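Note sheet for the following structure.
The values are calculated or read from the model by the stated rules, or taken from the named source; none is laboratory data. Bear in mind that the values here come from a model prediction, so they are computed numbers and not experimental data. Reconstructed Cβ throughout: ideal geometry from the backbone, glycine too, with neighbour counts over all protein chains shown.
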Amino acid sequence: MNDKRVIRVYALSDVHVDYAENLDWLRAIDGTAHKNDVLLLAGDISHKMERLKITFEIVAQKFSSVFYVPGNHDLWVHPEEQSNSISKFEKVCSLCERLGIKTQPKRFSGHKQSLWVVPLYSWYVRPEEGEDSLFMQKKEEDSGLERWADSHYTQWGPLRKGERVADFFHKKNEVYLHQNYDAPVVTLSHFLPRKELILSNGKKGDPLEQSFRDANPGFNFSRVAGCKGLDKQIRKIAASVHVYGHQHRNRDRVIDGVRYVAQCLGYPHERQSGQIVGLERGPKLLWHSEGGFVEGAIF
């Protein structure tokens, strides 16, 4: 029997609660308005386990269900920890299980509409790792990514010979690719599945994101944006909407029949400078059980 409650699904990512302003922003979300609702939290909370725990507890109190996939920041390992990022991933998954944070598919049935939510683990492919990278040329870039924190704080231990980090995570999604989804599907990942999403207007020939002064001209985000293999999984599942994060640029676009949505909280200075917009109402409403998918503004 269908549930008589109205269920709504919201998207959010990159909350980076190491910034006190961001943790306060999360705490300020209405604690009574979302008791029947679902939050899709697409990674990058904190590299600190205690702050991950605090964040999960905050959102779990405000929403009926919370789905989560880890971002790169969440899997950082500092040298003093004497661990690796795969062990960190396993610890994060165990924390989610203890706190009731969902990392596996679930079906929601409302009075009029139903929906599947399918989380997808992911990582990026660098251009030297294969043609499924989202790499695009940028002048005067640092190809060694020495200033990219993942180069120093992600340590990958027990991977199989020839296995890339992205392959490790994509294999964990394979069990979901052949399930029978009897209602529309929303998938979520942290990393980007398409090159077009990097660009400010998504059009061929558009330069890399240059809407604001390039504070770091030596950094080419497309080297670490995501990978095409993720999009193949999204389309194998036949998702109607895919939620992602990572870039700190909010998007709402339809590409080849799939709607891609990013609703990043990002860093305080990015919001103050106008690089991240569309957060006035908090997490982005995607779907509700009385009317289905909700259309949004295009960024």
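Of all residues in segment 277-298 being crowded, with 17+ Cβ neighbours inside 10 Å and either hydroxyl-bearing (Ser, Thr, Tyr) or touching a strand residue (DSSP E or B) at 6+ places or on another chain (Cβ under 6 Å) (or both), which is farthest from residue 7 (Cα to Cα)?
Looking at residues that are crowded, with 17+ Cβ neighbours inside 10 Å and either hydroxyl-bearing (Ser, Thr, Tyr) or touching a strand residue (DSSP E or B) at 6+ places or on another chain (Cβ under 6 Å) (or both), I get 296.
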**Asked** For segment 84-121, how many residues meet the condition of being surrounded by 15 or more Cβ atoms within 10 Å (Cβ to Cβ), part of a loop (DSSP other than H, G, I, E, B) and either out of contact with any Lys or Arg (no Cβ under 6 Å at 6 or more places or on another chain) or free of Cβ contacts under 8 Å to residues at least 24 places away in the same chain (or both)?
**Response** 7
**Asked** Restricting the search to segment 136-155, which residues are crowded, with 16+ Cβ neighbours inside 10 Å and either within 19 Å of the chain's Cα centre (by Cα) or under 24 Å from residue 84 (Cα atoms) (or both)?
**Response** 145, 148, 150, 153, 154, 155
**Request:** Evaluate the following for residue 79: is it free of Cβ contacts under 8 Å to residues at least 24 places away in the same chain and not aromatic (Phe, Trp, Tyr)?
**Result:** yes
**Request:** Please enumerate the residues belonging to segment 30-56 that are at pLDDT 95 or above, part of a loop (DSSP other than H, G, I, E, B) and hydrophobic (A, V, I, L, M, F, W, C).
**Result:** 42, 45
**Item:** Among residues of segment 150-170, those that are assigned to a helix (DSSP H, G or I) and of a type outside the set (Asp, Glu), counted
**Value:** 8
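Just for segment 122-141: of the residues that are acidic (Asp, Glu) and not in a loop (DSSP other than H, G, I, E, B), which one is farthest from residue 287 (Cα to Cα)?
If we take residues in segment 122-141 being acidic (Asp, Glu) and not in a loop (DSSP other than H, G, I, E, B), then 128 is farthest from residue 287 (Cα to Cα).
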**Filtered residue count, segment 252-276, keeping only those that are at pLDDT below 95 and surrounded by 24 or more Cβ atoms within 10 Å (Cβ to Cβ)** = 0
**Prompt:** Has segment 181-192 got at least one residue that is of a type in the set (D, E, K, R), surrounded by fewer than 21 Cβ atoms within 10 Å (Cβ to Cβ) and either without any contact (Cβ under 8 Å) to a residue 40 or more places away in the chain or not in a loop (DSSP other than H, G, I, E, B) (or both)?
**Reply:** no
**Message:** For residue 173, only one of the following conditions fails: (1) modelled with pLDDT of 95 or more; (2) assigned to a loop (DSSP other than H, G, I, E, B). What is its number?
**Reply:** (2)
**Prompt:** Wholly within segment 214-299, which strands (runs of 3 or more DSSP E) include no fewer than the required count, namely at least 2 residues that are closer than 25 Å to residue 136 by Cβ?
**Reply:** 241-244, 251-255, 258-262
